[in-house]
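Undergrad: I have a structure here, written as structure tokens, and I will follow up with some questions on it.
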Amino acid sequence: MAQIQATARDESVSQGIVLPARPVIYEINTWVWLDELRGRLGRPVTLGTIPASEWEAVAAMPADAVWLMGVWERSPLGAAIAANDPGLMAACREALPDLTPDDFVGSPYCVRRYEVDSRLGGRAELAAARAELAQRGVGLILDFVPNHVAPDHPWTREHPEYFIQGTPADLAATPEDYYQVGETILARGRDPFFPPWPDVVQLNAFSPELRAAMTETLLDIGEQCDGLRCDMAMLMTNEVFVRTWGERAGAPLPEEYWPQIIPAIHQTHPHLCFIAEVYWDMEWTMMTQGFNYCYDKRLYDRLEQETAESVRQHLTADPSYQDRLVRFIENHDEARAAATFGPERMYTAAVVTFTLPGARLLYEGQADGREVKLPVFLSRRPAEPPDRNVQTFYRRLLPLLRMPALNEGQWQLCALTGWSGNESFHQLAAWSWQSDTQQCVIVVNLTDTAAQGRVQLVWPQLAGQTWVFQDRLSGAAFEHSGDEILNAGLYVDLPAWGYHFFELR
């Protein structure tokens, strides 16, 4: 099938903000953020009336891009369906004990229309928010959900050919799998490993008409932002879609979904950044299909559940591949890091994810030590006092992400050695950054016992001089002979879950 051509636009298209190679992405739950601003300021707040001081604070995080999660028009029908799910409502009440009906606004991934919700200020106010960010050199990222839409999306009545369809017999046999819109039976949205989501209906990745319509939709979205976070992007690949839907989807098209759509969008929006939420070890597949960045869920899982050796093995991948991964220890889908990792281990995990190549994702509330994971269906969250220790840690760590070495430098995983009778170096991981003006070394202990070892640095310029290793997180400084480092390695002794962020002088 010939590649879909981007439709020419009469109006001029702004180039927007081009994200740097290793961006810091700050995710904000938009409804919740505005709700708390309203409470703090004592007046209604929408996207166009956010005080300049708030945008200044966001830019100073520092952030290269803000992901405003959940700006699109949510489905009232989808919200009503979800509200009848006992398990979901129990989770909502657990997170927000004083839950009221007004707090339940439905899922941001049950999109009725790709129009900015009027309750948030609409399209014009989103443009105003984007302009505020752009003035500070910060890009805007929005969501796109390729796999499904709300059951009251206009397409369900106007274009049933865009969807996976069923029969009255299917609906009678498995009503949890199908949904009736008028005379048409539509499949509910799903992935191949879990039951269907009850509040959405399934788009057909193999429909040429859908691909054309989605291209038009994305061209319009692309005029409003600088990047797209694509929800469960791997579900639209031929391999996964056939596994999920089989013959119901019809024959796969010769060209994959994303390689057809992304280049078409780039004809009009050449700098629009595509970010894939992706699982099942399909990161490289999505990169080859056109995505700039892909979630690194594998690193998250290894930090949470596996050994130091598994983390080191993960980091042996080619640096050019790692530069296209999004590193995180929390987002709206994961439990809060403070609750998952605990206080000491959380700091170590944060040092890892923020000092590796690729994009670095910070979720609003993470730097305050919030512990309650809020269901995305809610517009309000419980009050949680900030953890001063967590705030102090992030105030030290986040500014370091502006260091030249971490942005322009060359990254290298470091070998580690020990000595007879001490194998604890296996508990460590280390890497270095080097630019024309700066050298840094990061060492972490990924276990709950103390560890010692030597970090191998292949830097000939160390020879013949004494070097000061300044720990930019703790403030401690250590002097080392360059010749000793080159001959034996940099000696480190770290407590349980300890870490160093050294800058060399």
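Yes or no, residue by residue, for (1) assigned to a helix (DSSP H, G or I); (2) under 28 Å from the mean Cα position of the chain (by Cα):
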{"position": "Pro146", "(1), (2)": "no, yes"}
{"position": "Ala169", "(1), (2)": "yes, no"}
{"position": "Asp191", "(1), (2)": "no, yes"}
{"position": "Glu209", "(1), (2)": "yes, no"}
{"position": "Ala213", "(1), (2)": "yes, yes"}
{"position": "Ile221", "(1), (2)": "yes, yes"}
{"position": "Gln224", "(1), (2)": "no, yes"}
{"position": "Arg248", "(1), (2)": "yes, no"}
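Undergrad: Among the residues in the stretch 349-368, are any out of contact with any Cys (no Cβ under 7 Å at 6 or more places or on another chain), within 24 Å of Phe501 (Cβ to Cβ) and surrounded by fewer than 19 Cβ atoms within 10 Å (Cβ to Cβ)?
TA: The answer is yes, given that some residue of the stretch 349-368 is out of contact with any Cys (no Cβ under 7 Å at 6 or more places or on another chain), within 24 Å of Phe501 (Cβ to Cβ) and surrounded by fewer than 19 Cβ atoms within 10 Å (Cβ to Cβ).
Undergrad: Taking into account only those residues within the stretch 316-348 that are hydroxyl-bearing (Ser, Thr, Tyr) and open to solvent by 10 Å² or more (accessible area, probe 1.4 Å), which is nearest to Leu374 (Cα to Cα)?
TA: By that ranking, first place goes to Thr340.
Undergrad: Is there a residue being assigned to a loop (DSSP other than H, G, I, E, B), open to solvent by less than 50 Å² (accessible area, probe 1.4 Å), under 23 Å from His269 (Cβ atoms) and at pLDDT 95 or above anywhere in the stretch 127-139?
TA: Yes.
Undergrad: Can you name every residue in the stretch 49-99 that is in contact with a strand residue (DSSP E or B) (Cβ under 7 Å, 6 or more places away or on another chain), of a type in the set (A, V, I, L, M, F, W, C), open to solvent by 20 Å² or more (accessible area, probe 1.4 Å) and modelled with pLDDT of 95 or more?
TA: Correct list: Ala83 only.
Undergrad: Now for a different question. Is it the case, given these coordinates, that Pro399 is surrounded by fewer than 16 Cβ atoms within 10 Å (Cβ to Cβ), under 25 Å from Cys440 (Cβ atoms), out of contact with any Gly (no Cβ under 8 Å at 6 or more places or on another chain) and in contact (Cβ under 8 Å) with a residue 40 or more places away in the chain?
TA: Criteria met by Pro399.
Undergrad: Under 7 Å by Cβ, and 6 or more places apart or on different chains, what pairs join a residue from the stretch 219-230 that is more than 16 Å from Asp64 (Cβ to Cβ) and modelled with pLDDT of 95 or more with one that is part of a helix (DSSP H, G or I) and open to solvent by less than 10 Å² (accessible area, probe 1.4 Å)?
TA: Pairs that qualify, where the first residue is more than 16 Å from Asp64 (Cβ to Cβ) and modelled with pLDDT of 95 or more and the partner is part of a helix (DSSP H, G or I) and open to solvent by less than 10 Å² (accessible area, probe 1.4 Å), are Leu219/Ile265; Gly222/Ile265; Gln224/Leu126.
Undergrad: Give the stretch 369-394 a look and list any residue that's open to solvent by 10 Å² or more (accessible area, probe 1.4 Å) and either closer than 20 Å to Pro23 by Cβ or polar (S, T, N, Q) (or both), or say none.
TA: Within the stretch 369-394, Ser379, Asn389, Gln391, Thr392 meet the criteria.
Undergrad: Every residue in the stretch 212-270 that is touching a strand residue (DSSP E or B) at 6+ places or on another chain (Cβ under 8 Å), more than 19 Å from Pro160 (Cβ to Cβ) and surrounded by fewer than 17 Cβ atoms within 10 Å (Cβ to Cβ), please.
TA: Across the stretch 212-270, the qualifying residue is only Asp220.
Undergrad: If you don't mind, another one. Between Thr417, Thr437, which is of a type in the set (Ser, Thr, Tyr) and at pLDDT below 95?
TA: Thr437
Undergrad: Output the residue which, of all residues in the stretch 250-284 that are in contact with a Pro (Cβ under 9 Å, 6 or more places away or on another chain) and either part of a loop (DSSP other than H, G, I, E, B) or of a type outside the set (A, V, I, L, M, F, W, C) (or both), is modelled with the highest pLDDT.
TA: So the residue we want is Tyr257.
Undergrad: How many of the residues in the stretch 140-173 are without any contact (Cβ under 8 Å) to a residue 24 or more places away in the chain and surrounded by fewer than 14 Cβ atoms within 10 Å (Cβ to Cβ)?
TA: 6
The values are calculated or read from the model by the stated rules, or taken from the named source; none is laboratory data. Predicted model, so just to flag it, every value in this text is computed and none were measured. We place every Cβ from the backbone using ideal geometry, glycine too, and count neighbours over all the protein chains shown. These accessible areas exclude ligands, DNA and RNA; they are computed on the full protein's heavy atoms, side chains included. Shrake-Rupley method; radii C 1.70, N 1.55, O 1.52, S 1.80 Å.
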